[in-house]
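Here it is, the structure in full.
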Amino acid sequence: MDGPADRPDVVVVGAGPAGLYLLHRLRRLGLTAVVLEAADDLGGTWYRNRYPGARCDVESLQYSYSFSADLEREWDWSERFAGQPEILRYLRQVADRFDLRRDIRLGTRVVAAHYDEAVRVWRVRTSHGTTVSARYCVLATGCLSVPRWPRIPGLDGFRGPVHHTAEWPPDGVEVAGRRIGVIGTGSSAVQAVPVLAEQAGRLSVFQRTPAYSVPAHNRPLSAAERHRFTARHDEFRRQQRLSSSGMVTGYPPATRSALDVDPDERAGTFEQRWRSGSLMALMTAYTDLMTDRPANDTVAGFVRSKIHRTVRDPGVARLLCPDYPFGTRRICLDTGYYTAFNRPNVQLVDVRADPLVRATAHGLRTANREYRLDVIVVATGFDAMTGALASIDLRGRGGRSLRDEWAAGPRTYLGLAMAGFPNLFTVTGPGSPSVLSNMLVSIEQHVEWIADCLDALRRRGLTTIEATRPAVDDWVGQVDAVARGTLYPTVDSWYRGANVPGRPRVFMPYLGGVGGYRKMCDEIAAAGYRGFALSA
Ligand code: NA7
């Protein structure tokens, strides 16, 4: 197959929020694009993560596209934090409204992308054996799109259903009255546990590392809130883009160290922010919470005291209390997570003390006992940030493979481009704020930057852009240096690839802040794409 549709200007991999907007943006520039999507529907993360309780932990009004005033006027979010079904409906509506589906090929996994140097074209091979060739290739493959399964012997022999939260069946899973085991206690489990607890006959939560979770205080969005947002829309969106996280917290920037504040005043501040229902509110209360361990201990202690006050069994409360610095692993936002452990049908299993050794036909066996189960829910996360890129046989100049180039960790310029891989871009790639920001804000920024770049090349009669090695080396150094100034690298987390055996420990997101990062990207473009080699 090699018709005109197989020779677009741009081939985009992934039809999640990034791929959808990119397609729209490219079309507006008069460029042709084809989007290849492995799943059998669009929506990316919001299509795949259908587990009970799946919900965004950034507020709906902030986690939504800002590029179209009409779209914003036409769509009303029902809740402060939208659930997965509503976000998926939103993305489908976006696709329909902008007539995107006709350029999206669903059920089409990209298995390889090779740069043909002789003709300067990317040849992108799909699981159907077809090839799409394009001058430019954009990987909008998502940061958390490759589920990671635990190595538990015997899982195949379990008699009941076993489902990963990120591969939940579209028709749901029968859980009412059943004995359910949940493996893992990251964001997905923290959202699923309270919902499953209400339906299950018995729920056993197998925890290795406890998470810090703050209450979402989710509620229906009122007309007054919507009105307030619309009234100051432009200013609000501007603040988002210039903020450090892509989120407007409503709090002024911190000016004081947590240690310079009277303990009662500090407790009052933490209490107020705990009640605000925001991922960022506690972390940003003082200047040094994420850079100084004694300062962080103040907020970590505050959250642990909340856990102890919520969970009635002191032993269970103790187990649920993390011992690492607050915020250094992804904070969760929950609705009734800790209180779920007060239910008589919920038990916490500490698999750090009593490790999971195998699955049997009837359940899960730890070193000390067997837990009989009807359903196993695997909430063990993702091969984060680089997993989707590494799953494609990507080859640049001279046939060099990305997997080899990144053997010691991802190396990008701005999380957007790589040396040796001309005309290839990543949306929210490693080395950009990505997962440590409001993804929709970061996605819009990257999509617009990439589209503007392709437009600039066309206007100047150029056909090739490639990050230079010195620019990549320098950027990798900057990402590392910023991370080293914080507490993040002191802890094992998926931000560092620590959840995947054998993966080098490299801190992958850029921690320098969304606003400053955007400014830097804009300056680089304005300077004629400094750090990139351009040619005709
Ligand atoms: P996460 O945050 O990576 O959580 C995975 C959880 O699974 C975590 O608690 C892990 O504990 C646990 N895990 C992993 N392997 C095992 C085994 N073998 N045994 C027991 N427990 C295990 O993934 P989520 O899906 O919850 O969230 C991902 C992101 O999606 C989230 O942060 C949001 O950004 C959206 P461990 O840490 O390995 O001890």
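The values are calculated or read from the model by the stated rules, or taken from the named source; none is laboratory data. Nothing here was measured: the structure is a model prediction, and the numbers come from that model. Here the Cβ is made from the backbone with ideal geometry for all residues, glycine too, and neighbour counts use every protein chain on show. Surface accessibility is based on the protein's heavy atoms, side chains included, excluding ligands, DNA and RNA. Shrake-Rupley method; radii C 1.70, N 1.55, O 1.52, S 1.80 Å.
Residues checked against (1) of a type in the set (D, E); (2) modelled with pLDDT under 95; (3) surrounded by 21 or more Cβ atoms within 10 Å (Cβ to Cβ):
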residue: W46; (1), (2), (3): no, no, yes
residue: N49; (1), (2), (3): no, no, yes
residue: C56; (1), (2), (3): no, no, yes
residue: Y63; (1), (2), (3): no, no, yes
residue: S66; (1), (2), (3): no, no, no
residue: A69; (1), (2), (3): no, yes, no
residue: R73; (1), (2), (3): no, yes, no
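For region 344-380, how many residues are more than 11 Å from the ligand (Cβ to nearest atom), touching a strand residue (DSSP E or B) at 6+ places or on another chain (Cβ under 6 Å) and in a loop (DSSP other than H, G, I, E, B)?
6
Find all pairs meeting these conditions: Cβ atoms under 7 angstrom apart; at least six residues apart or on different chains; first residue within region 427-455 and among the aromatic types (F, W, Y); second residue assigned to a helix (DSSP H, G or I).
That search, which allows pairs on different chains as well, returns W449/C521; W449/A525.
Can you spot a residue in region 209-231 that is modelled with pLDDT of 95 or more, among the acidic types (D, E) and either over 28 Å from P433 (Cα atoms) or away from the ligand (no atom under 16 Å from the Cβ) (or both)? Even if it seems obvious, please write down each step before you answer.
Filtering region 209-231 down to residues modelled with pLDDT of 95 or more leaves 209-221.
Remaining after also requiring among the acidic types (D, E): none.
Checked against the condition, which is being modelled with pLDDT of 95 or more, among the acidic types (D, E) and either over 28 Å from P433 (Cα atoms) or away from the ligand (no atom under 16 Å from the Cβ) (or both), region 209-231 yields no hits at all.
Specify the residue that is nearest to S276 (Cα to Cα); the eligible residues are those in region 163-211 that are among the small types (G, A, S) and in a strand (DSSP E or B). Write out each step before concluding.
Step one: filter region 163-211 for residues among the small types (G, A, S), giving 166, 172, 176-177, 181, 184, 186-189, 192, 197, 200-201, 204, 211.
Subsequent filtering for residues that are in a strand (DSSP E or B) retains 181, 204.
Numbers: G181: 32, S204: 30 Å.
Among them, the one singled out is S204.
So for region 120-132 (the condition being within 21 Å of the chain's Cα centre (by Cα) and of a type in the set (V, I, T)), does at least one residue qualify? Working first, answer last.
The first filter runs over region 120-132 and keeps only residues within 21 Å of the chain's Cα centre (by Cα), leaving none.
Checked against the condition, which is being within 21 Å of the chain's Cα centre (by Cα) and of a type in the set (V, I, T), region 120-132 yields no hits at all.
Name the residue that is least open to solvent (accessible area, probe 1.4 Å), counting only residues in region 254-291 that are farther than 24 Å from D57 by Cα and in a loop (DSSP other than H, G, I, E, B).
The extreme case among them is V261.
Return yes when V146 is β-branched (V, I, T), under 21 Å from the mean Cα position of the chain (by Cα) and more than 10 Å from the ligand (Cβ to nearest atom) and no when it is not. Break it down into steps so the answer makes sense when it comes.
Values: β-branched (V, I, T): yes; under 21 Å from the mean Cα position of the chain (by Cα): yes; more than 10 Å from the ligand (Cβ to nearest atom): yes.
Against the criterion (β-branched (V, I, T), under 21 Å from the mean Cα position of the chain (by Cα) and more than 10 Å from the ligand (Cβ to nearest atom)), V146 qualifies.
Also: Does V205 qualify as being under 25 Å from F81 (Cβ atoms), among the hydrophobic types (A, V, I, L, M, F, W, C) and within 14 Å of the ligand (Cβ to nearest atom)? Break it down stepwise before answering.
Values: under 25 Å from F81 (Cβ atoms): yes; among the hydrophobic types (A, V, I, L, M, F, W, C): yes; within 14 Å of the ligand (Cβ to nearest atom): yes.
Taking the combined requirement at face value, the residue satisfies it.
Would you list the helices (runs of 4 or more DSSP H) that sit entirely within region 21-125 and hold 3 or more residues that are more than 28 Å from P170 (Cβ to Cβ)? Give the derivation first.
Numbers: elements: 45-48, 69-74, 84-97.
Where helices (runs of 4 or more DSSP H) fall fully within region 21-125 and carry at least 3 residues being more than 28 Å from P170 (Cβ to Cβ), they are 69-74.
Which residues, taken from region 149-188, are within 11 Å of the ligand (Cβ to nearest atom), in contact with a Phe, Trp or Tyr (Cβ under 9 Å, 6 or more places away or on another chain) and on the phi < 0 side of the Ramachandran plot?
Within region 149-188, L155, H164, T165, A166, G181, V182, I183, T185, G186, S188 qualify.
Regarding S64, is this residue touching a strand residue (DSSP E or B) at 6+ places or on another chain (Cβ under 7 Å) and not hydrophobic (A, V, I, L, M, F, W, C)?
On the way: touching a strand residue (DSSP E or B) at 6+ places or on another chain (Cβ under 7 Å): no; not hydrophobic (A, V, I, L, M, F, W, C): yes.
No; evaluated as a whole, the condition is false for this residue.
Under 6 Å between Cβ atoms, which residue pairs at least 6 apart in sequence (or on different chains) link something in region 510-523 that is of a type in the set (K, R) with a partner that is open to solvent by less than 40 Å² (accessible area, probe 1.4 Å)?
R518/Q445
Let me ask something else. Mind checking which helices (runs of 4 or more DSSP H) fall wholly inside region 401-508 and carry at least 3 residues that are modelled with pLDDT of 95 or more, closer than 20 Å to G44 by Cβ and away from the ligand (no atom under 16 Å from the Cβ)? Please lay out each step first, then the result.
Details: elements: 402-405, 439-459, 469-484.
Correct list: 439-459.
If I go through region 106-136 residue by residue, how many of them are closer than 17 Å to D41 by Cβ, charged (D, E, K, R) and surrounded by 17 or more Cβ atoms within 10 Å (Cβ to Cβ)?
0
Conditions: (1) hydrophobic (A, V, I, L, M, F, W, C); (2) part of a strand (DSSP E or B); (3) over 15 Å from D57 (Cα atoms). V214 meets all but one. Number of the miss?
(3)
Does G315 satisfy the criteria of being in a loop (DSSP other than H, G, I, E, B) and either modelled with pLDDT of 95 or more or open to solvent by 10 Å² or more (accessible area, probe 1.4 Å) (or both)? Write out each step before concluding.
Details: in a loop (DSSP other than H, G, I, E, B): no; either modelled with pLDDT of 95 or more or open to solvent by 10 Å² or more (accessible area, probe 1.4 Å) (or both): yes.
In short, no.
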